[in-house]
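The values are calculated or read from the model by the stated rules, or taken from the named source; none is laboratory data. Predicted, not measured: the structure shown is a model, and the values here were computed from it. Backbone-built Cβ (ideal geometry, glycine too); neighbour counts: all protein chains shown.
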């Protein structure tokens, strides 16, 4: 195995179902796949780390797999953060520049953002991202980068994405126990958007729903910026549990049944279609019965997504529709339920292909991990020209600006 590579980017995605480590390096300015590891998660409960020991072992196993494929030593990583503890809020603030017109510099931008972020929040909340939606200069809105412009008053509309401090610390501690130093944390829904959404979609207005095992993370873009973030405590495992209870079978058997025959729309299944299952004795099961259990859960998920959009004031801002990604997005019929509930077009979000990336990674379940690679590469490139002290000050401001 070769030594640690300076240009290697490694990301860690600890999900409820799977723990993934993905590594890439820079090749002529572009990301090139180096290796990945993927193992079943352990020590997780309801989307959060409940037992550090087993969770760290899973991270260690995934990291070692990635090291073997990449033929490189992995010592640090960027971690993804998601789950039901994610919260987002919009705020506004600004600064007076003086009685005379003067040129705006980056320090002015930082001060305006700092003023906008000065909102009360519970002590157990950690700021993940400060996301400028727009700058307003002397009453003129719609400015993306005011540096170099002149004016007397600078304001900023800001979206703040927060997470549970304890949940974030558990993730960092888990990585540390597995021998990985955490250099940065990224909201997984924003990372998934990086891998699946086009610039046009973000400009026109789009909702991305990243359906994980125990929760579904939501992010809305409008006019190129993040306008809303939230998390819905419903994921693919809830669909599986519904089947296990409804059909009185083990969870593992219900998961296999969901993957092979599941559908979120009852009327899409022929009335007489049947399969034979062992439960525990061989018996015939109508396929519509599976859909009759799954459809209400799918509608419930999208109902709460719509309620979240309504509370965020963005339900009418989806000019480009809705994109479903994550492993739960693969359930047939989910797009139909989404279009029915949200009244907008819907598509499945598949991550972009990296150079030399195996075909099996071009799957919605890898959207967040691949997006974290793209996100980290972009933000590091944007910050590369800044001095160390200024870079540290501005990191939170520009880390996730599209």
Given the residues 194, 184, 188, which is the only one that is within 25 Å of residue 62 (Cα to Cα) and out of contact with any strand residue (DSSP E or B) (no Cβ under 8 Å at 6 or more places or on another chain)?
194
Does region 132-139 contain at least one residue that is over 26 Å from residue 21 (Cα atoms) and touching a helix residue (DSSP H, G or I) at 6+ places or on another chain (Cβ under 8 Å)?
yes
Cβ-Cβ under 6 Å, sequence separation 6+ or interchain: first residue in region 34-50 and in contact (Cβ under 8 Å) with a residue 40 or more places away in the chain and at positive phi, partner surrounded by 20 or more Cβ atoms within 10 Å (Cβ to Cβ) and part of a loop (DSSP other than H, G, I, E, B). Which pairs?
46/214; 47/16; 47/83; 47/84; 47/214; 47/215
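Might you let me know whether region 49-70 holds any residue that is part of a strand (DSSP E or B) and within 18 Å of the chain's Cα centre (by Cα)?
So far as region 49-70 goes, yes, one or more of its residues are part of a strand (DSSP E or B) and within 18 Å of the chain's Cα centre (by Cα).
Condition first: over 14 Å from residue 300 (Cα atoms) and crowded, with 18+ Cβ neighbours inside 10 Å. Now tell me which residues in region 238-260 satisfy that. Before the answer, list the steps.
First, pick out the residues of region 238-260 that are over 14 Å from residue 300 (Cα atoms): 240-241, 243-260.
Within region 238-260, 240, 243, 244, 249, 254, 255, 257, 258 qualify.
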Identify the residue in region 125-158 that is in a loop (DSSP other than H, G, I, E, B) and surrounded by 12 or more Cβ atoms within 10 Å (Cβ to Cβ) and, among all such residues, is nearest to the chain's Cα centre (by Cα).
144
Selected residue (only one of 220, 206 is within 13 Å of the chain's Cα centre (by Cα) and closer than 24 Å to residue 311 by Cα)
220
Number of positions in region 243-253 that are touching a helix residue (DSSP H, G or I) at 6+ places or on another chain (Cβ under 7 Å) and within 17 Å of residue 45 (Cα to Cα):
1
Determine whether residue 94 is in contact with a helix residue (DSSP H, G or I) (Cβ under 6 Å, 6 or more places away or on another chain), more than 20 Å from residue 175 (Cα to Cα) and either at pLDDT 95 or above or crowded, with 18+ Cβ neighbours inside 10 Å (or both).
yes
The condition of being closer than 30 Å to residue 29 by Cβ, in contact with a helix residue (DSSP H, G or I) (Cβ under 9 Å, 6 or more places away or on another chain) and either surrounded by fewer than 21 Cβ atoms within 10 Å (Cβ to Cβ) or touching a residue at least 24 places away in the same chain (Cβ under 8 Å) (or both) holds, among 333, 327, 349, only for 349
Name the residues in region 92-116 that are in contact with a strand residue (DSSP E or B) (Cβ under 6 Å, 6 or more places away or on another chain), under 27 Å from residue 191 (Cβ atoms) and not in a strand (DSSP E or B), would you?
112, 113, 116
